[in-house]
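One structure below.
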Amino acid sequence: MKVIIVTGSVGSGKTTLAKRLSKKLDYEYIDISKLIEQEKISYGYDKKMKCKLIDIKKLNKALIELIDNYKNSIIKNSNKKNKKIIEGIVIDSHLSHYLPKKYVDLCIVTKCDIKELNKRLKKRKYGGDKIRENIECEIFDICLNEAKEQRHNLLVIDTTKGINMGDISKRVKRIIK
């Protein structure tokens with residue numbers, strides 16, 4: 001089973017890309033925000049930035065358990081007729097790159113021009129501080145640099161002008177063979 005993580009700055013196109021890629025490859029789509037709710041991984045709320053505070057160690061533990069459960073279900077179901085075999089999962093979050101390399105086949109980092117990113121964040125009605133923080137995150141390549149520090153197998157996708165799923169899925173398939 002293959003594990004693809006999609007990370008990038010808030011508003012950079014992660015979710016759009018992750019959902020389309022999971023559909024194109026017929027992989028399961030995993031939204032980490034739902035996992036955070038289910039597993040109660042948040043330890044507070046930042047009122048200024050209007051976001052939950054996340055314990056990365058607990059998140060990684062929950063993700064590793066989730067990946068192991070998918071792998072175990074494949075083994076259990078491999079001998080049964082009419083069972084869908086899960087060939088892979090796509091994990092969507094700007095925190096997914098913290099997952100250790102040994103659990104990940106490919107890390108996709110979404111990038112976006114800061115002018116376009118600013119438009120996207122304003123459309124979401126984010127406040128000035130939150131917009132500034134996310135634009136700075138994009139300028140300084142925070143997600144990309146942290147993914148490099150984890151030594152992930154990387155694919156960087158610029159979503160500024162949209163997402164070409166045909167091209168991206170071909171590139172992904174070549175990389176994760």
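What follows draws every value from the coordinates through simple rules; no lab data is involved. Keep in mind that this is a model prediction, so the values were computed, not measured. Here Cβ is always computed from backbone atoms with ideal geometry, including for glycine, and neighbour counts include all displayed protein chains.
In the range 26-49, of all residues being among the basic types (Lys, Arg) and over 16 Å from HIS94 (Cα atoms), the one that is surrounded by the fewest Cβ atoms within 10 Å (Cβ to Cβ) corresponds to LYS47. If the condition is being under 24 Å from LEU117 (Cα atoms) and either of a type in the set (A, V, I, L, M) or exposed (fewer than 12 other Cβ atoms within 10 Å of the Cβ) (or both), then the range 146-163 contributes ALA147, LEU154, LEU155, VAL156, ILE157, LYS161, GLY162, ILE163. Could you list, in sequence order, the residues of the range 118-138 that are assigned to a loop (DSSP other than H, G, I, E, B) and among the small types (Gly, Ala, Ser)? If the condition is that a residue be assigned to a loop (DSSP other than H, G, I, E, B) and among the small types (Gly, Ala, Ser), then GLY127 is the only one that fits. Can you name the residue in the range 80-130 that is aliphatic (A, V, I, L, M) and surrounded by fewer than 19 Cβ atoms within 10 Å (Cβ to Cβ) and is also nearest to THR159 (Cα to Cα) among such residues? Here the residue is ILE114.
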